Every structure is written in C-alpha cells, then in structure tokens.
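First the structure, in the form of structure tokens, and then the observations on it.
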Amino acid sequence: MTKPVSIIMIEDDEGHARLIERNIRRSGVNNEIVAFGNGTDAIRHLFGADGSGLAQKGNALLILLDLNLPDMTGIDILKQIKENKYLKCSPVVVLTTTDDSQEIKRCYELGCNVYITKPVNYENFAHAIRQLGLFFSVIQVPSTAT
Amino acid sequence: VTAEAQRRRAFWQILLFAAGLLVLTVISGGSVYLVNKARQDSQWVIHTIEVENQVNTLLLEIRRAESAARGYLLTGGADFKTDHEKAVAAIIPALDKLTRLIGDNPAQRDSIEKLSSAIETRLGQFARDLDLIGQGQPEEAAAMVREAAAGDTTTMIRDLAAVMIQEEERLFRLRAANADRSQTLAASMTGIGSGLVVLLALISVVLVRRSARARNEAEARLRDANINLEATVDERTADLREANNEIQRFAYIVSHDLRSPLVNIMGFTSELEELGGDIFRRIGGLTRVAADGPPLAPDPLSGPLSSPLGEVALEGPDKQLSADFSEALGFIKSSIAKMDRLISAILNLTREGRREFVPVRIDTRELIEAIVSTLAHQAAEAEAEIHVAPLPNITSDRLALEQIFSNLIDNAIKYLKQGVPGEIRIRGRTKLGYAIFEISDNGRGIDPKDHQRIFDLFRRAGTQDKPGQGIGLAHVRTLVRRLGGTMSVSSELNTGSTFTITLPLTWNASNRNADS
C-alpha cells in the first residue's frame with residue numbers, strides 16, 4: 001500500500017554525498033537514496049517538468065538538503081518545497097557546514113524540520129550521519145498529499 | 001591657493017598702507033614748506049610796498065621842507081621855519097629807514113647812495129638858504145632858491161625816487177607773482193594729496209571689504225565643515241565597519257569552503273584506513289589459510305577506529321607493507337588534523353569577531369583571581385607564584401576580558417624558564433580615562449626582533465617546546481582592539497616579559513560593535 005520512503009539527497013560535493021550515503025547505509029538504512037549534485041536537477045526531479053510537484057504525488061519523500069549549492073541556495077529550494085501543496089509535508093533535513101544562528105533561524109522559519117551542522121571533524125561527522133540514519137530508520141514519513 | 005592669495009593680499013594691504021603714509025608725509029611736508037614760502041613771498045610783497053611807501057614818505061618830507069623853505073622865504077613867518085625844520089628833521093630818519101629797508105637789494109643800494117648824496121646836497125642848500133634868510137639877505141636866498149630850482153638836485157631826487165619806485169614796482173609784480181604761484185602750488189598740492197589719500201582710502205576700503213568677505217566665506221565654510229565633520233566621521237566609520245565586516249565574512253567563507261574538502265579528505269582517509277585494515281586482514285587470513293586452516297570471519301561491526309591492523313599477525317614483506325601503509329596514513333591524518341586545527345582557529349577568530357560585545361561593570365581583581373584559580377594547577381606544576389596587585393575596575397565585555405587575561409597569564413606560566421621558580425605579577429593603574437594593566441613575568445623573554453611577529457596569526461617565537469598554534473596573542477590583540485584599547489610588549493631574552501594592555505575605563509559598545 002504505502003510506498004517505501006525514498007531519500008532525496010541534494011549535495012553538491014560528491015565526496016560528502018558519498019560519505020553521507022555510506023554512513024547512512026552503515027546505520028542500517030536500506031531505503032533508496034537519490035542524489036543530486038545541483039539545485040536545478042533536484043528541482044526538476046521534485047517538481048517535475050511542469051514545476052507543479054504533481055510528479056511526486058503519493059510518494060513518501062525525505063529530503064536531505066545542503067544550503068551551499070553551485071546554482072542556487074538551498075534556502076530557495078526549501079522555500080519552494082514548503083510552498084508546494086504536494087511536497088510541503090515531506091520532512092526536510094538541512095545538512096550544511098554553516099552554523100550561523102541567523103541562517104538556522106531562517107531555515108526553521110521556512111519550515112525545515114531538522115537542521116544539522118556538518119561537524120568539521122570526520123569522526124564526529126560520521127557519527128552524526130549514522131545517528132541521522134538511525135533517526136531515519138525510526139521516523140514516520142507521510143506520503144505527499146494526494 | 002588660499003594661503004598664497006592671503007599672503008599676497010596682506011602684502012598689498014601693507015603696501016597700500018605704506019603708500020598712504022608716504023603720501024600723507026609728503027603732503028604734510030610740502031604743505032608746511034609751501035605755506036612758509038607763501039608767507040615769505042607775502043612778506044616780500046609787503047616789504048616792497050613798505051619800501052615804496054617809504055620812498056614816497058621821503059619825497060613828501062623833502063617837498064614839505066622845500067615848500068616850507070619857500071614859504072619862509074616869502075613871508076619870513078616863524079611858522080614856516082618851524083615847519084621846515086620839522087620836515088628836515090624827519091628826512092634823515094626816513095632816509096635811514098629806507099636804507100635799512102632796501103639793504104637786501106644791491107641795485108637799490110646804488111640808487112639810495114645817489115639819493116642820499118642828492119638829499120645831502122639839497123639839505124645843504126636848505127641850510128644855506130635859511131642862514132641867508134636869517135642874516136637878512138632874502139635876495140641872496142631867493143637867488144639861491146631859483147638856482148636850486150634850476151639846478152638838477154631836486155630833479156635828480158625826483159628821478160632817483162622814480163627809479164626806485166619803478167624798481168620796487170617791478171619787484172612787487174615779481175613777488176606778487178611768486179606769492180601767487182606758491183599759494184597755487186600749495187593749494188594744488190593739498191588738493192592732489194587729499195585726492196590721493198581719498199583714493200588710497202577707497203582702495204583700502206575695497207580691499208578690507210574683500211578680505212572681510214573672504215573671511216566670512218571661510219567662516220561659513222568652516223561652519224559647514226564642522227557640521228559635515230560629524231557626518232563624514234559617521235560615514236567613514238560605517239565604511240570601516242563595512243570593510244571589517246567584509247573581511248570577517250571573507251574569513252568565514254574561506255574557512256568554511258576550506259573545511260568542506262577537508263571533511264572529504266578526512267572521511268576518505270578514514271575509509272581508506274578501514275579498507276587497508278580489511279585488505280591486510282584478508283591477506284593475513286589468506287596466508288594463514290594456506291598455512292593453518294579456514295579464514296577468519298570478517299567482523300562487520302568493526303569501524304575505522306576499532307580495527308587496528310595488528311589483529312592478524314603478518315609476516316615478512318606483508319608486515320613491512322602494512323607498516324608503510326600505516327605510516328603514510330598516519331602522516332596524512334596528522335597533517336589533516338593540523339590543517340583542521342588551523343581552519344578551526346580562523347573560524348573561531350571570525351566567530352569571536354562576530355560576537356556582540358556587551359559592556360558591563362567588571363570587578364577586575366575578582367575576574368583575574370578567578371582566572372588565576374583555574375590556572376592554579378598549571379602554576380603549581382611550573383612552580384610559579386602569581387601576585388595580583390589592586391586593579392582598577394572597568395566597564396567592558398566580560399568574556400573578552402577573561403579571554404585576554406587568561407591567554408596572557410597562561411602564556412606567562414607556559415613560557416617560564418626551566419628550573420627557575422616563576423614569578424608572575426599583574427598590576428594596574430589608571431591614566432586619562434584609560435586603565436593600564438601590566439602582566440609581567442621572569443620567564444624566558446622574547447627577542448626584540450620577534451616583538452611584532454608574536455602578534456601575527458600562526459606565528460610563534462623562541463624555542464618551540466610547548467604545544468600551540470600561534471593564535472593566542474593574535475586573538476588577544478584583536479579583542480583588545482575591539483574593546484577600543486591597545487597592547488604592547490617589552491621584553492628581553494632571559495629576563496622576562498611585560499605585556500601592557502591599555503583599555504578605556506568605560507567602553508561604549510555602540511561605537512565599535514561590528515554587527516549592531
């Protein structure tokens with residue numbers, strides 16, 4: 001009945017993307033992970049060719065978002081997701097290097113569900129991602145609105 | 001341009017003033033001279049008239065004497081005789097007076113001499129006439145009178161007098177013309193001089209008005225400048241703040257962007273390490289399989305940290321390979337760790353720069369004693385004693401002050417001389433609205449050539465036997481500057497160092513706060 005949750009990862013740094021994916025897998029999450037290296041591709045995937053978001057109707061999505069993208073800021077993507085009637089219920093996890101309090105506040109105001117700062121130290125980074133993976137394995141994700 | 005113009009204007013004014021003074025002096029001198037000359041000329045004119053007058057008087061007296069003598073001769077009346085004698089008596093003084101009066105004129109002197117002799121002759125004739133009349137010989141006397149009348153003495157006297165009067169009239173005309181000229185000259189001189197003075201005064205007035213206008217303009221400009229100064233200062237301050245913010249943002253962005261690839265390097269190095277561990281374990285297992293029996297089951301839970309390579313004993317060249325691999329990874333990891341520390345330091349510094357400072361009243365002594373107590377353990381290890389003298393209280397940011405003093409005291413403890421009991425003193429005083437703090441030690445000291453260097457980021461000086469990144473003093477100086485103060489060091493090698501911090505007694509956050 002319900003489709004398995006697919007994780008949309010929007011992360012411009014391929015290395016980070018790979019490390020995130022590996023560490024999520026290590027924590028035992030086996031869901032599909034769809035990675036995008038830039039904002040344009042991610043937007044096309046999320047909102048479809050017509051930009052209405054109809055393409056993702058009924059899918060359960062969990063969005064992992066980096067704020068520093070080469071072609072747009074993650075905040076713009078976050079805003080669009082939260083303004084779209086199909087996608088607005090999908091949890092968005094902002095995973096970025098910035099720990100600026102203004103930025104964090106702004107993201108939560110726009111409707112981000114979790115904000116995580118990438119730790120500088122790799123051990124901590126790996127640890128944080130694995131915990132995030134554990135979190136993914138227990139949270140309930142709604143299907144996009146029908 | 002303005003300074004040059006002002007100097008020129010002042011020069012012209014002085015010149016004008018001098019010219020006016022000169023003209024006035026010349027006019028005054030000239031006037032005095034000319035007036036004197038005119039007076040003299042007038043005197044000469046009067047003198048001429050007097051001379052003429054005197055000549056006429058003389059002639060009159062002679063005629064009187066003559067007519068009286070005739071009367072006496074005709075009537076023999078005593079009245080006529082008395083009259084004649086009076087006239088004769090007046091002739092000589094009149095002649096003397098005339099002689100005196102014309103003493104200056106050589107031409108007239110000739111005439112007067114002739115006149116004198118003529119008059120003398122005539123007087124002699126009179127005397128003889130009177131004698132003859134007195135002796136009762138009127139006929140003789142009448143004959144003499146006729147003879148005298150026929151003779152040229154009287155004519156001569158008349159002619160001489162006429163010549164003299166003519167001469168005097170000539171002189172009168174000359175002198176009158178002279179006097180006239182002098183007066184005209186004096187009048188025109190006074191006129192021209194007055195005109196010049198008026199002209200100079202006018203020029204002066206124009207110049208004074210112009211300079212007054214220039215001064216007014218300058219005053220207006222000064223007022224404007226004063227009004228604008230505040231605005232300009234605000235503008236510059238805003239620019240500076242903007243530039244400062246930009247530097248902060250730049251440092252922040254750079255350190256962030258550097259950190260991102262570093263996470264990859266660290267991450268994949270860890271992955272590689274894990275991978276290496278797996279590979280060598282397999283090699284070990286395979287070698288053992290060949291030697292002993294079934295391979296060891298791989299441990300799925302072993303992470304990159306919990307899997308040292310030494311689980312499976314390797315032998316010979318395999319062991320060497322494993323050691324080389326570990327060594328290479330070790331270098332990579334330690335370099336990464338160092339780079340990570342440096343970038344984190346920059347990040348912390350920029351974060352510190354972005355933190356908003358809150359000025360509060362601080363009991364400085366209490367603050368420093370709290371720091372000293374947290375450092376008590378290190379101090380005891382280094383056998384150091386810390387003396388805190390009474391310190392002035394200030395209004396500033398508490399956290400910043402804590403960081404400043406703990407860094408400096410920590411440095412003082414850290415860089416003491418080996419084997420010498422440390423002595424660290426913290427003193428303070430106030431001066432002109434500033435508090436001056438001194439942290440001095442008897443430690444190893446700093447070479448004067450390094451005094452600037454130690455405040456630079458990532459730079460250290462002296463023997464590198466203590467851990468550190470070369471950040472502390474750079475950080476402290478940034479904080480001190482943000483608090484509106486300055487800091488300096490005085491030190492010699494092996495004699496200890498003194499760090500001096502000057503902070504405003506009351507720091508006003510509004511004028512320095514970067515993010516406000």
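If you keep only loop residues by DSSP, which chymotrypsin sites (Phe, Trp or Tyr not before Pro) in segment A:1-109 have at most 15 other Cβ atoms within 10 Å of their Cβ?
Listed in order of number, the matching sites amount to none.
Taking every pair of distinct Cα atoms and averaging 1/r, then inverting, what Kirkwood hydrodynamic radius in Å comes out for segment B:60-126?
12.6 Å
Could you tell me which of B:Ser117, B:Ile92, B:Ile102 has its Cα farthest along the dipole of segment B:1-117 towards the positive end, charges placed at Cβ (Lys, Arg +1; Asp, Glu -1), taken about the Cα centre?
Result: B:Ile102, furthest along the dipole toward the positive end.
Give the lysines reachable from B:Lys338 as a straight Cα distance under 30 Å; neighbours fewer than 8 places away on the same chain don't count.
A:Lys118, B:Lys319, B:Lys414, B:Lys417, B:Lys449, B:Lys466
Please find the FRET efficiency linking B:Asn228 to B:Arg481, where r is the Cβ-Cβ separation and R0 is fixed at 22 Å, and quote it to the nearest 0.05.
Here the calculated transfer efficiency is 0.20.
Under a crude label model (7 Å from the Cα following the beta-carbon direction), how far is B:Arg341 from B:Val32 in nanometres?
9.9 nm
For segment B:461-475 and segment B:23-98, what is the separation of their Cα centres, given in Å?
Their Cα centres are 126 Å away from one another.
What does the charge dipole of the protein assembly as shown about its Cα centre add up to, to the nearest 20 debye, if the Cβ of each Lys and Arg holds +1 and the Cβ of each Asp and Glu holds -1?
Charge dipole of the protein assembly as shown: 900 debye, to the nearest 20.
What residues qualify as long-range amide H neighbours of A:Gly53, i.e. H under 5 Å apart, gap of 5 or more or another chain, H built at 1.01 Å from N?
Here A:Gly48 satisfy the definition.
What value in Å³ per residue do you get for the convex hull of the alpha-carbon atoms in segment B:1-120?
Spread over its residues, the Cα hull of segment B:1-120 gives 106 Å³ apiece.
I'd like the distance between the alpha-carbon centres of segment B:324-395 and segment B:173-203, rounded to an integer number of Å.
So the two Cα centres are separated by 97 Å.
About its Cα centre, what dipole magnitude does segment B:192-233 give when the only charges are +1 on Lys and Arg Cβ and -1 on Asp and Glu Cβ, stated in debye to the nearest 20?
With Lys and Arg at +1 and Asp and Glu at -1, about 180 debye.
Just the Kirkwood number for segment B:329-406, please: inverse of mean 1/r across all distinct Cα pairs, in Å, one decimal.
15.4 Å
So how strong a dipole does chain B carry about its Cα centre when Lys and Arg Cβ are +1 and Asp and Glu Cβ are -1, to the nearest 20 debye?
The calculated dipole for chain B is roughly 460 debye.
Angle check, please: helix B:364-374 long axis (alpha carbons) against the longest principal axis of chain B (alpha carbons), in degrees 0 to 90, nearest 10.
20 degrees
When only alpha-carbon atoms count, how far does segment A:93-134 stretch along each of its three principal axes, as whole angstroms with the largest first?
30, 20, 9
Roughly speaking, what % of Cα-Cα pairs in the protein assembly as shown are separated by over 46 Å, rounded to a whole number?
Cα-Cα pairs in the protein assembly as shown separated by more than 46 Å: 62 percent.
Using only the alpha carbons of segment B:186-235, determine the length spanned along each of the three principal axes and report them from longest to shortest in whole angstroms.
70, 8, 7
What FRET efficiency do you get for A:Asn30 and B:Ala328 if R0 is 45 Å and r is their Cβ-Cβ distance, rounded to the nearest 0.05?
0.85
Lone cysteines in the protein assembly as shown, defined as no other cysteine's Cβ under 4.7 Å from theirs: which are they?
A:Cys89
From the mean inverse distance of alpha carbon pairs (Kirkwood) and the Cα radius of gyration, derive Rg over Rh for segment B:369-413.
Ratio value, two decimals: 0.99.
So how tilted is helix B:78-101 from the main axis of chain B? Cα-based, degrees 0 to 90, rounded to 10.
For B:78-101 against chain B, the angle is about 30 degrees.
At a Förster radius of 51 Å, what calculated FRET efficiency corresponds to the Cβ-Cβ distance of B:Ala5 and A:His127, to the nearest 0.05?
Between B:Ala5 and A:His127 the formula returns 0.05.
By how many degrees, between 0 and 90 and to the nearest 10, does the Cα long axis of helix B:138-150 differ from the longest principal axis of chain B?
The answer is roughly 50 degrees.
Could you calculate, for segment B:369-480, the ratio of the Cα radius of gyration to the Kirkwood radius, expressed as Rg to Rh?
0.95
Work out the P(r) tail for segment B:239-285: percent of alpha carbon pairs separated by more than 15 Å, whole number.
Counting every Cα pair in segment B:239-285, those more than 15 Å apart make up 64 percent.
Assuming 0.36 nm per residue, please report the length gained on full extension of the stretch B:Glu246 to B:Thr502 beyond their Cα-Cα distance.
Contour length minus the Cα-Cα distance gives 89.5 nm.
Scan around B:Asn105 for amide H atoms under 5 Å from its own, H built in the peptide plane at 1.01 Å from N, and keep only partners 5 or more places away or cross-chain.
Correct list: empty.
Could you tell me whether segment A:1-57 comes out rounded, prolate or oblate from its Cα gyration tensor? Rule is a ≥ b ≥ c as square roots of the eigenvalues, rounded for a/c under 1.5, then prolate if a/b exceeds b/c, otherwise oblate.
Oblate is the answer for segment A:1-57, as a/c is 1.5 or above yet b/c matches or exceeds a/b.
Quick one: compute a quarter of the convex hull surface over the Cα atoms of segment A:1-126 and quote it in nm².
Dividing the Cα hull surface by four gives the mean projection, 7.8 nm².
Would you work out which of B:Ser440, A:Ile75, B:Leu416 lies farthest towards the positive end of the dipole of the protein assembly as shown? Charges go on Cβ: Lys and Arg +1, Asp and Glu -1.
A:Ile75
Using 10 Å bins from zero, what percent of all Cα-Cα pairs in segment A:53-110 falls into each bin?
Each 10 Å bin holds this share of Cα pairs: 22, 53, 22, 3.
Select from segment A:1-83 those GluC sites (Glu not before Pro) which occupy a DSSP coil region and have at most 12 other Cβ atoms within 10 Å, ordered by residue number.
Answer by residue number: A:Glu32.
Hey, how much of the P(r) for segment B:132-188 falls beyond 15 Å, as a percent of Cα pairs?
Tail fraction, whole percent: 69.
Identify, among A:Thr40, A:Gly58, A:His16, the residue whose Cα sits farthest towards the positive end of the charge dipole of segment A:5-58, taking +1 on the Cβ of Lys and Arg and -1 on the Cβ of Asp and Glu, with the dipole about the Cα centre.
A:Gly58
How big is chain B along each principal axis, measuring the range of its Cα positions in Å and listing the largest first?
Principal-axis extents of chain B (Cα, largest first): 213, 45, 42 Å.
If the viscosity is 0.692 mPa s and the temperature 37 °C, what Stokes-Einstein diffusion coefficient in µm²/s follows for segment B:49-172 when Rh is the Kirkwood radius over Cα pairs?
Calculated translational D: 221 µm²/s.
Given the convex hull over the Cα atoms of segment B:158-282, what projected area results after averaging over all orientations, in nm²?
Taking the Cα atoms of segment B:158-282, their convex hull projects to 17.8 nm² on average.
Bear in mind these aren't lab numbers, they're just calculated from the coordinates by the rules spelled out. Every value quoted in this text rests on a predicted model; they were computed, and no experiment measured them. Cβ coordinates were reconstructed from backbone atoms using ideal geometry, including for glycine residues, and neighbour counts include every protein chain displayed.
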